[in-house]
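Reading through the structure tokens given below for one structure.
The values are calculated or read from the model by the stated rules, or taken from the named source; none is laboratory data. Just so we're clear, the structure is a prediction, and the values are computed from it rather than from any experiment. Using ideal geometry, Cβ is built from the backbone for each residue, glycine included, and neighbour counts are taken over all protein chains shown. Heavy atoms of the whole protein, side chains included, go into the accessibility calculation; ligands, DNA and RNA do not. Shrake-Rupley method; radii C 1.70, N 1.55, O 1.52, S 1.80 Å.
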Amino acid sequence: MSNGEIKTVAVIGTGIMGVGIVQTFAGAGLTVRMIARRSEALEQSMALIKANLNLFQDFNLLKEPQAAILSRIEPIASTDLAEKTKGCDFIVETVQELLETKRPVFTQLDSLPPDVIIASNTGSMTVDKLTEGMKTPQRMVGLHYFNPAHIIPAVEIHRGKETSDEVVKLTRDLMIKTGKKPVMVRKSVPGFVINRLTGALEREVAYLIDEGIVTPEDLDIAVKSSYGFRLSCMGPMSQADMIGLDTCARVSANVFKVLSNRTDPSPALLEKVKNGELGIKSGKGWYNYAGQTREEINDKINRRLLKQLALFRSVEN
């Protein structure tokens, strides 16, 4: 199968990630089957996609009318995954991040023709763990999107021991076709690349907050106005080249030895969770969102991200 022969895609699961992935494929000209257990979930997902497309239109990020994109999405309410994915060339699983939830999905899909590529949007599990017991592990690939999936350009591609080179290549080519920036994870490691980098930053964030060195507000200002400000156009390696590798080596020698090496979550974070302060979804986290709906808050975030996406595309192109 060539990349041009991938015309019909199925996305299993309609959480926030699944909805964004559906929109991405449909926006790239592919027919997409959006599969969920309940018709109510599909109705909510279609409404969210329409709202997302309206935002994309506001920022001139659509290449065709919204109606054309929506016409390529087929909502399907079913638990018979093998039947409803017949005729698909590429399938993405986006169900809950639990092994006992994901494995039954792959058990059903295992009976499909062997040239159908099956991808998992897992953010923490290896492909080898997911494919235990499968008869066709060679067509299985890890495909890790980032929230919100219809906006963030990066996607990590990781493989299992049995994953074929052709499957990896076709997946990479497909991601490029849909406008994504694929990151190839060359060795199987928990957390892959981006979540490991995020985890390292979060560990030091926890130390700085717990020790009272900086407030949450000032910490956000520090990251957004310095390191984060550069990251959208310069990655860590190109930043190091700009600073000078000799300078980076000296700073690393001084700083690495005093960084946090904790292996447990921050006590301040655990206290927030214990008190039900879970962030935007509960109305309070590190910040207070009283008086704003979840939809209003996400709309503001998406608008900021879409400004970045428009700039990112203009710079990259």
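In region 19-42 there is at least one residue that is touching a residue at least 40 places away in the same chain (Cβ under 8 Å), polar (S, T, N, Q) and not in a helix (DSSP H, G or I).
Elements of the type helices (runs of 4 or more DSSP H) sitting completely within region 222-314 and holding at least 2 residues that are within 20 Å of Asn147 (Cβ to Cβ) and touching a strand residue (DSSP E or B) at 6+ places or on another chain (Cβ under 8 Å): there are none.
Matching residues to (1) part of a helix (DSSP H, G or I); (2) basic (Lys, Arg); (3) in contact with a helix residue (DSSP H, G or I) (Cβ under 6 Å, 6 or more places away or on another chain); (4) without any contact (Cβ under 8 Å) to a residue 60 or more places away in the chain:
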residue	(1), (2), (3), (4)
Asn60	no, no, no, no
Glu74	no, no, no, yes
Ala82	yes, no, yes, yes
Lys86	no, yes, no, yes
Val95	no, no, yes, no
Thr107	yes, no, no, yes
Leu112	no, no, no, yes
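Hey, among Thr85, Thr31, which residue is among the hydroxyl-bearing types (Ser, Thr, Tyr), touching an Asp or Glu at 6+ places or on another chain (Cβ under 9 Å) and modelled with pLDDT of 95 or more? Can you show your working first?
Values: Thr85 fails: touching an Asp or Glu at 6+ places or on another chain (Cβ under 9 Å).
From the options Thr85, Thr31, the qualifying one is Thr31.
Filtering Asn261, Asn254 for residues that are open to solvent by 80 Å² or more (accessible area, probe 1.4 Å) and more than 17 Å from Glu202 (Cβ to Cβ) leaves a single hit, Asn254. When region 172-212 is filtered for residues that are in contact (Cβ under 8 Å) with a residue 60 or more places away in the chain, closer than 28 Å to Leu130 by Cα and in contact with a Leu (Cβ under 8 Å, 6 or more places away or on another chain), only Thr178 remains. Among residues of region 294-311 being open to solvent by less than 60 Å² (accessible area, probe 1.4 Å) and not charged (D, E, K, R), the one that is farthest from Ile16 (Cα to Cα) is Ala310. The strands (runs of 3 or more DSSP E) located wholly in region 130-208 that include 1 or more residues which are open to solvent by 20 Å² or more (accessible area, probe 1.4 Å) and more than 30 Å from Ala51 (Cα to Cα) occupy 154-159, 181-184. The selection criterion, being of a type in the set (Gly, Ala, Ser), part of a loop (DSSP other than H, G, I, E, B) and surrounded by 18 or more Cβ atoms within 10 Å (Cβ to Cβ), does not hold for Ala119.
For region 101-132, a tally of residues being within 21 Å of the chain's Cα centre (by Cα) and over 24 Å from Arg186 (Cβ atoms) returns 3. Checking every residue in region 43-58 against the condition of being in a helix (DSSP H, G or I), farther than 28 Å from Ile157 by Cβ, open to solvent by 10 Å² or more (accessible area, probe 1.4 Å) and among the small types (Gly, Ala, Ser) gives at least one match. Tally the residues that are within 14 Å of Tyr145 (Cα to Cα), among the charged types (D, E, K, R) and open to solvent by less than 50 Å² (accessible area, probe 1.4 Å), restricting the search to region 93-116. Residues that pass the stated criteria total 1.
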